[in-house]
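Below is one structure. I have some questions about it.
Values in this text are rule-based calculations from the coordinates and carry no lab data. Note that this is a predicted model, so its numbers are computed, not measured. Cβ coordinates were reconstructed from backbone atoms using ideal geometry, including for glycine residues, and neighbour counts include every protein chain displayed.
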Amino acid sequence: MKITHIEHIGIAVESIDEAIPFYEKVLGLKCYKVEEIEDQKVKTAFFMVGQTKIELLESTSPDGPIGKFIEKKGPGIHHLAFAVDNTNESLNELDKKGIRLIDKEGRKGAEGLNIGFVHPKSTLGVLTEICSCD
Ligand code: ZN
């Protein structure tokens with residue numbers, strides 16, 4: 001598996017509408033897209049920082065993964081996403097190494113990427129996503 005860069009950092013927020021002004025007016029970044037991912041029960045907002053994105057995540061339902069995360073831990077950094085050449089091959093490789101996976105196969109994520117999550121129990125507590133354009 002070859003990691004090329006940090007694709008994005010996912011940050012759980014209570015409200016995207018309240019968070020965007022901080023990123024735009026204080027940090028001087030520009031939100032270039034807001035996208036709702038229905039099956040993940042989240043609304044996302046994206047900012048470019050070099051070749052890495054900041055992905056804000058607002059829950060659209062209290063029983064969604066972000067809703068549960070905020071209830072347990074409060075808003076803050078939720079996951080780290082590495083860009084790889086091929087998500088499915090990378091997941092296979094991790095699986096063979098005995099790494100616990102949330103997704104055994106890639107699925108469609110925000111921005112049309114093929115994504116898969118690795119369980120934080122196998123990554124020293126960091127929810128880790130790998131993604132690729134394939
Ligand atoms: Zn992500």
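Report the label-to-label distance for GLU105 and GLN51 in nanometres (one decimal), using points 7 Å from each Cα along the Cα→Cβ vector.
3.0 nm
A follow-up question, please. For the chain, what Kirkwood radius comes out of the mean inverse Cα-Cα distance, in Å?
By the Kirkwood definition, the hydrodynamic radius is 15.2 Å.
Taking the chain as a Gaussian network, where each spring joins two C-alpha atoms under 10 Å apart, which residue of PHE22, PHE46, PHE82 fluctuates the most?
So, out of PHE22, PHE46, PHE82, the one fluctuating most is PHE22.
Which residue, ASP39, ASP95, ASP63, tops the fluctuation ranking in a GNM of the chain built on C-alpha contacts under 10 Å?
ASP39
Still on this model: Report the full-extension gain for the segment ILE37 to ASP134: residue separation times 0.36 nm, less the Cα-Cα distance, to one decimal in nm.
Here the segment from ILE37 to ASP134 would lengthen by 33.0 nm.
Further question: Please compare each pair in LYS73/LYS121; LYS43/LYS68; LYS25/LYS53; LYS68/LYS97; LYS2/LYS53; LYS72/LYS96 to a cut-off of 21 Å on the Cα-Cα distance and tell me which ones are over it.
LYS68/LYS97; LYS72/LYS96
Return the percentage of antiparallel bridges among DSSP beta bridges fully within region 3-132, rounded to the nearest 5 %.
Percentage antiparallel, nearest 5: 75.
Calculated from DSSP H runs of 4 or more alone, at -39500 (n - 2.57) each and per residue, what is the 222 nm mean residue ellipticity of the chain, nearest 500?
Helix-only estimate at 222 nm: -5000 deg cm²/dmol.
Taking the chain as a Gaussian network, where each spring joins two C-alpha atoms under 10 Å apart, which residue of GLY106, GLY50, GLY74 fluctuates the most?
In this elastic network of the chain, the residue with the biggest mean-square fluctuation among GLY106, GLY50, GLY74 is GLY50.
What does the charge dipole of region 3-132 about its Cα centre add up to, to the nearest 20 debye, if the Cβ of each Lys and Arg holds +1 and the Cβ of each Asp and Glu holds -1?
That gives a dipole near 380 debye.
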